[in-house]
Amino acid sequence: MRTIRILLGVALLSTGLLAGAFGYGVANLVPAFDSVPIGMRLDFHAQLMKTNGITMQTAMAVSAVSAFALAAVARARVRALAATAGLLTVASFLITRFGNVSINGRIKQWAVTAPPADHAEILRRWELFNDARTCTAVVAFAVLIGIALRQAGGPSAGRRDGSGGGAGDVTLAAVALLAEPVDLDGVLARLVAHGERSCQGFANSA
């Protein structure tokens, strides 16, 4: 069904952006926070949260709504998987709302006053909450990828799950293509041959 393909595409896009943003924070922002003076970290953290509060909550809302909508119109295993992805996204929201956001409020106060003596422990708790919401978002994205791969398995898989044939969907076709085995030796051989021809052409023109 066209509706299922659209919902799956929206869920994949929004959840992928959410998981990527959280993953970037864990891999890059947090180590950067830990390597700068505390005053600089607090100022940057407070400013960052002003924009994150809008963009991240929007991504979580779109991700959860699209996943639950997919679960409502799909059947069998796809319904269960989509509902699982939606619940994982809701878990990311709850962790953010009741874990990170409460600490963000303290950080904003510290940025204009001074951090307390136990600020390192509080910031460590913020990082633990951040790790947890990142894990739930990444798992939700992985579940949706699993649905896409299942739909890309062919029309018979689509009929079993009540979603129709998905062969014409660009997103699912791309996922299916990426899932196919690649002849790395052949690719490398062609790249080397192309490089040799390029070098030879450059030498002849010099």
Quiz prompt | Phe141 more than 20 Å from Ile6 (Cβ to Cβ) and either without any contact (Cβ under 8 Å) to a residue 60 or more places away in the chain or assigned to a helix (DSSP H, G or I) (or both) | solution = no
Exercise. Return only the number of the condition from (1) of a type outside the set (A, V, I, L, M); (2) in contact with a helix residue (DSSP H, G or I) (Cβ under 8 Å, 6 or more places away or on another chain); (3) buried (at least 16 other Cβ atoms within 10 Å of the Cβ); (4) without any contact (Cβ under 8 Å) to a residue 12 or more places away in the chain that Pro116 does not satisfy.
Key: (3)
Self-check item: Residues satisfying the stated conditions in the stretch 119-143, i.e. more than 14 Å from the chain's Cα centre (by Cα) and aromatic (Phe, Trp, Tyr)
Solution: Trp126, Phe129
Quiz prompt | Filter result for the condition that a residue is open to solvent by 30 Å² or more (accessible area, probe 1.4 Å), part of a helix (DSSP H, G or I) and touching a helix residue (DSSP H, G or I) at 6+ places or on another chain (Cβ under 6 Å), over Thr89, Thr84, Thr134, Thr96 | solution = Thr84
Quiz item: Leu18 fails exactly one of the following numbered conditions: (1) surrounded by fewer than 20 Cβ atoms within 10 Å (Cβ to Cβ); (2) modelled with pLDDT of 95 or more. What is the number of that condition?
Solution: (1)
Practice problem: Determine if the stretch 44-56 includes at least one residue that is assigned to a helix (DSSP H, G or I), surrounded by fewer than 16 Cβ atoms within 10 Å (Cβ to Cβ), basic (Lys, Arg) and without any contact (Cβ under 8 Å) to a residue 12 or more places away in the chain. | Solution: yes
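The values are calculated or read from the model by the stated rules, or taken from the named source; none is laboratory data. These numbers come from a predicted model, not from an experiment. Cβ sites come from the backbone with ideal geometry, for glycine too, and all protein chains shown count toward neighbours. All accessible areas refer to the heavy atoms of the entire protein, side chains included, with ligands and DNA or RNA removed. Shrake-Rupley method; radii C 1.70, N 1.55, O 1.52, S 1.80 Å.
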